[in-house]
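J.: Have a look at the structure that comes next, please.
The values are calculated or read from the model by the stated rules, or taken from the named source; none is laboratory data. Fair warning: this is a prediction, and the values are worked out from it, not measured in the lab. Neighbour counts are summed over all protein chains in view; Cβ atoms, including those assigned to glycine, are modelled from backbone coordinates with ideal geometry. Side chains are part of the model used for accessible areas, which takes the heavy atoms of the whole protein and leaves out ligands, DNA and RNA. Shrake-Rupley method; radii C 1.70, N 1.55, O 1.52, S 1.80 Å.
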Amino acid sequence: MPLLTPQRLVMLIFFLQPIAYGSWLPRIPEIQARLELGPASLAVALLGMPVGTLLTLPFAGPLVGRIGARQAIVLGFVFYSLAACLPVLAPNMAWLFLALMLAGSSISFVELGLNVEADLVEKSSGRLIMNTSHGFWSLGIMAGSLIGSGFAALAVAPQIAVPIAAAMVLPIALLVGQALPALSDAAPEGQTHRSAWSLPSPALVGICLFVFGITMTEGAMADWSAIFLRDALSADGGLVGIGYSIFALMVASGRFGGDLLKRRFGAVGTARLCGTLGVLGGITLFLAPTLPLALVGFGIIGVGVSVGFPLAVTAAAGLGDRAASANVAVLSFVALCGFLIGPPLIGFVAEHVDIRVGVACVVPALLLSLFLAGRLAPRPVRTTRNPEAEIPGVL
């Protein structure tokens with residue numbers, strides 16, 4: 001058996017993708033201080049990423065369907081690695097907004113390719129790998145976060161540290177991307193696909209609303225965990241990045257066990273179990289009076305949101321009404337909006353109340369996802385019916 005099977009190649013590229021982005025996250029407080037931005041101003045700047053996503057994903061689905069997921073990963077990784085370096089170079093809020101917009105555009109394109117490729121490899125091999133692949137993504141962003149925290153502890157400027165992280169990853173990612181199998185997203189024989197430009201079905205809308213609460217929480221942890229620990233619990237130095245590192249570690253742990261849970265409890269049962277934990281973790285974080293208890297809250301939330309997006313990707317890709325790339329593009333659009341719009345919302349709440357109440361905004365979002373977990377139930381694949389085959393005597 002070859003060492004790098006298609007399944008392992010997918011897992012490796014999932015691991016590599018978020019490292020550069022993860023190395024930026026612990027440096028957000030430094031950038032905020034250097035640019036003299038208040039919570040609301042930082043929130044406005046963070047809107048750059050969802051704007052980039054909004055401008056990209058409507059076209060990314062049809063484009064990925066045309067050029068193939070593998071090619072989208074390779075090309076997207078080049079632009080993403082360059083764009084990930086721009087936010088730390090921004091001289092003011094306007095340039096930070098623009099830099100984050102370019103980063104959001106490139107991230108959305110490459111992540112769409114990753115999810116479509118994982119779904120195609122999963123279908124072609126008959127092995128469940130979606131949750132595990134996202135587990136490696138979580139390990140990657142945790143590794144990036146630790147790299148960023150390490151550079152911060154060594155007093156390496158973010159303008160130097162983030163480009164170093166991106167430069168280390170890019171050549172490896174290009175080699176792995178080229179080695180991925182070139183699988184087709186064409187409709188199987190007897191199955192029909194609507195146009196990629198058609199409106200999403202009600203089933204897809206329900207899946208998208210489910211995933212919004214999940215990714216809003218992930219975005220909140222990414223952008224505000226360090227600031228929460230600094231402002232609410234007086235953490236400083238390398239400690240401000242520990243909360244997100246624990247969160248990412250538990251997300252990865254949950255995803256590595258997600259495929260096993262799915263085989264045992266099904267998609268819906270797994271989503272409800274983890275969703276309940278997410279709500280409990282959010283409440284724990286809001287009430288935490290000390291740093292250790294807050295870290296416990298970060299860990300519980302990590303398990304709670306761990307499998308939501310991978311389960312939703314499989315559910316959306318399996319609807320069968322359109323090409324998987326088209327449905328996953330819509331899902332990714334909503335998911336990334338949750339990931340990127342949630343943090344500015346928390347910033348506005350923190351500006352007018354405090355950071356604890358801002359972070360507590362994830363609890364109603366997670367309750368929405370828990371309520372909609374039933375939307376992940378597998379659906380039968382639509383096939384083209386042949387009326388003549390139903391008439392007796394007609395072959």
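J.: What are the equivalent ellipsoid semi-axes of region 27-136, built from the alpha-carbon gyration tensor (square roots of five times its eigenvalues), in whole angstrom, biggest first? It would help to have the intermediate numbers written out before the result.
T.: Details: eigenvalues 202, 43, 25 Å².
Result for region 27-136: semi-axes of 32, 15, 11 Å.
J.: On to the next question. Counting only protein chains, not ligands or nucleic acids, how are Leu75, Leu112, Leu55 ordered by accessible area (probe 1.4 Å), most first?
T.: Values: Leu75 80, Leu112 0, Leu55 110 Å².
Accessible-area ranking of Leu75, Leu112, Leu55, largest first: Leu55, Leu75, Leu112.
J.: Work from the charge dipole of the chain (Cβ charges, +1 for Lys and Arg, -1 for Asp and Glu, about the Cα centre) and give the residue of Leu291, Leu366, Leu98 farthest towards its positive end.
T.: Value: Leu366.
J.: Amide H of Asp354: which non-local residues (sequence gap of 5 or more, or other chain) have their own amide H closer than 5 Å, using H built in the peptide plane?
T.: Counting only residues 5 or more places away or on other chains, the set is empty.
J.: Give me the percent of the accessible area of the chain that comes from carbon and sulfur atoms, probe 1.4 Å, all protein chains in place.
T.: Within the chain, the accessible surface is 71 percent carbon and sulfur.
J.: Please get the size of the charge dipole for the chain, origin at its Cα centre, with Cβ charges of +1 on Lys and Arg and -1 on Asp and Glu, quoted in debye to the nearest 20.
T.: Numbers: 20 positive and 18 negative charges, 142 e Å.
Once rounded to the nearest 20, the dipole reads 680 debye.
J.: Here is a follow-up. Putting +1 on Lys and Arg Cβ atoms and -1 on Asp and Glu Cβ atoms, find which of Ala60, Ser133, Leu89 reaches farthest to the positive end of the dipole of the chain.
T.: Farthest along the dipole direction, towards plus: Ser133.
J.: Could you list which residues have their amide H under 5 Å from that of Ala235, counting only those 5 or more apart in sequence or on another chain, with H placed in the peptide plane?
T.: For Ala235, whose amide H was placed from the backbone, the distant partners under 5 Å are Arg230.
J.: From Cα coordinates alone, what are the radius of gyration and Dmax values for region 278-376 in angstrom?
T.: Reported Rg and Dmax, both Å: 15.6, 50.
J.: Taking the Cα-to-Cβ direction at Leu273 and at Ala203 and moving 7 Å from each Cα, how far apart do the two end points lie in nm?
T.: With each label placed 7 Å out from Cα toward Cβ, I get 2.5 nm.
J.: Calculate one ³J(HN,Hα) per residue across region 361-366 by plugging θ = phi - 60° into the Karplus curve 6.51 cos²θ - 1.76 cosθ + 1.60, and present them in order as whole Hz with x for glycine and proline.
T.: Residue by residue, region 361-366 yields 4, 6, 5, x, 5, 5 Hz.
J.: Then there is this: On a full-extension model of 0.36 nm per residue, what is the gain between Arg263 and Trp95, subtracting their alpha-carbon distance, rounded to one decimal in nm?
T.: Numbers: separation 168, 0.36 × 168 = 60.48 nm, distance 4.68 nm.
55.8 nm is the gain from fully extending Arg263 to Trp95.
J.: To continue, here is another question. Return one whole number: the accessible area per residue of the chain in Å², for a 1.4 Å probe.
T.: Details: 15800 Å² over 395 residues.
Result: 40 Å² per residue.
J.: Sticking with this one: For the chain, with the dipole built from +1 on Lys and Arg beta-carbon atoms and -1 on Asp and Glu ones, taken about the Cα centre, which of Leu233, Ile172, Ser306 lies farthest toward the positive end?
T.: Ser306
J.: Name the residues whose placed amide hydrogens come within less than 5 Å of the amide hydrogen of Leu319, ignoring near sequence neighbours (fewer than 5 apart) on the same chain.
T.: The list, which skips near neighbours in sequence, is empty: none.
J.: Would you compute, from DSSP H runs of 4+ residues alone, the mean residue ellipticity of the chain at 222 nm, taking -39500 (n - 2.57) per run and dividing by the full residue count, rounded to the nearest 500? Working shown, then result.
T.: On the way: 17 runs with 292 residues, N = 395.
Helix contribution divided over all residues of the chain: -25000 deg cm²/dmol.
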